[in-house]
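Asker: Quick one: structure below, then a few questions.
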Amino acid sequence: MSRWIRHLGLLLGLAATAAFVAYAARTLRGQDLSRYLAPPAIGGIALAAVCYALIIPISALAWRLLLKDMGVARRWRELATIMGITQLAKYIPGNVGQHIGRAAMSLARGIPLRPYGISVVSEAVLAAIAAALVGIAGCGMSGPGMRLLPGHHGALALPALLVAACALALGLVLARRALPSLLRRFASKRHGGDAHGALPGNRILAAALLAYVLNYLVFGTGIAAMTLLLLPGQPSHWLLLTGGFALAWVVGFFAPGAPAGLGVREGLMLALLQFGYSPPDALLIVIAMRLATTAGDILCFLAGSAALFLSGRTIGARAAMRPIGDHHET
C-alpha cells in the first residue's frame, strides 16, 4: 500500500512540476528577462541562499536540545554536519534518501535509535506547527494578504492571529499525545518501558519550536531582500513572502513523492504572491526562490562535507601525535 502511495505522490509531484513549467513558459513568453540576470539580481539570489543555508545550524541547535534532554549529548557541530551532508538527498522522490542518510550517519556516530527516532519525529511535527503559525500570521498581517481573508477587511488580522495561536496550542497538545504512538515505528523491540516518559520536556519542545519559527523568519528576510534586488522599484511584502513560503513549505512537506516539494510549493507560493505582485513578477520571485533554496542546499552539503573532512584530519593528527607509550596492548 505504501508503495502505491509513493508512486501516486511521485506522479502528483511530476504533474505539479509540469503544470508549473507550462504556466511559467506561457507567462514569461515575450518578457525581457535580461535585467534579471544583472549582478544585483544574482546577488539577491545568493543572499537568499545564504539565509536559507542558516536553517541547518539553527535546526542543528534544536536537534541538540532534543537529544540532550533525552540523555544523548552531542556537539552542535557534529549534528550540523550530519544535517548539512544529507540535505541534497531530499531531492530523491519522497525524501527517502535524506531520511536514510541521516539515520545511517547518526547511528554510525553512536546516537541510539530510540532517541534518534523521537527527535526526528518531534522535529517534523514542530516544524510543521511552526510553518502553520508563521504562514497564517504572516499572510494574515500583511496588507496584500488581507485579500485572502473573507471580507477583505483589515480588522480580520486579529482573528487570524487568534486562530494561529489556537492552532499552535492545539498542535502542541496533539504532538505531545501523538509522539508516543509514532515512536513505535522507530523504536526497537528490544527497548522496553514507557515511551511517553522518554519524550523531551515541554520547555525543550517550546525552545525547538522557536528555533523552527526563526528558520522561516530568517529565510523570509532573505526572500524579501532578494525581491528588492530582483525587482527594483517593487514593494517587498516581507510578511506575505515569509508567510507564503511557510505555508508552501508545509504543504510540500506533506506532499508524498515530490522531491523537495518540487512543483507543489511553487504552485502554492505563486497563488499566494499574486495577491501582492503581478503574475510575471510573482513567477520570477518563485523561480528565484527555488534557485536560492537549491543553491542553499548545495552550500550546506559543501560546508558539511568540509567539516567532516576537517574533523577526520583532526582525529588523525591527534592519533599521530599521541606518544608511543600511550598505546597499550590489551
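Asker: Is it true that Ala169 is assigned to a helix (DSSP H, G or I), small (Gly, Ala, Ser) and either at pLDDT 60 or above or crowded, with 21+ Cβ neighbours inside 10 Å (or both)?
Answerer: No, not satisfied.
Asker: Filter the stretch 199-216 down to the residues that are among the aliphatic types (A, V, I, L, M) and surrounded by fewer than 18 Cβ atoms within 10 Å (Cβ to Cβ), then identify the one that is modelled with the lowest pLDDT.
Answerer: Looking at residues that are among the aliphatic types (A, V, I, L, M) and surrounded by fewer than 18 Cβ atoms within 10 Å (Cβ to Cβ), I get Ala206.
Asker: A follow-up question, please. Quick check on this structure: which one of Arg290, Arg318 is among the basic types (Lys, Arg), surrounded by fewer than 23 Cβ atoms within 10 Å (Cβ to Cβ) and modelled with pLDDT under 80?
Answerer: Arg318
Asker: Another question, then. Of everything in the stretch 220-237 that's farther than 23 Å from Leu37 by Cβ and modelled with pLDDT of 90 or more, which residue is surrounded by the fewest Cβ atoms within 10 Å (Cβ to Cβ)?
Answerer: Thr221
Asker: Take Leu47 and tell me if it is within 26 Å of Gly252 (Cα to Cα), in a helix (DSSP H, G or I) and more than 14 Å from the chain's Cα centre (by Cα).
Answerer: yes
Asker: On to the next question. At least 2 residues that are surrounded by 15 or more Cβ atoms within 10 Å (Cβ to Cβ), in contact with an Asp or Glu (Cβ under 8 Å, 6 or more places away or on another chain) and modelled with pLDDT of 85 or more in each: list the helices (runs of 4 or more DSSP H) lying fully within the stretch 52-163 that qualify.
Answerer: Because the criterion is at least 2 residues that are surrounded by 15 or more Cβ atoms within 10 Å (Cβ to Cβ), in contact with an Asp or Glu (Cβ under 8 Å, 6 or more places away or on another chain) and modelled with pLDDT of 85 or more, the helices (runs of 4 or more DSSP H) in the stretch 52-163 that meet it are 55-69.
Asker: Looking at Phe301, Phe309, which one is modelled with pLDDT under 85, out of contact with any Ser or Thr (no Cβ under 6 Å at 6 or more places or on another chain) and part of a helix (DSSP H, G or I)?
Answerer: Phe309
The values are calculated or read from the model by the stated rules, or taken from the named source; none is laboratory data. None of these values were measured; they are calculated from a predicted model. Note that we place each Cβ from the backbone using ideal geometry, even for glycine, and neighbour counts take in every protein chain shown.
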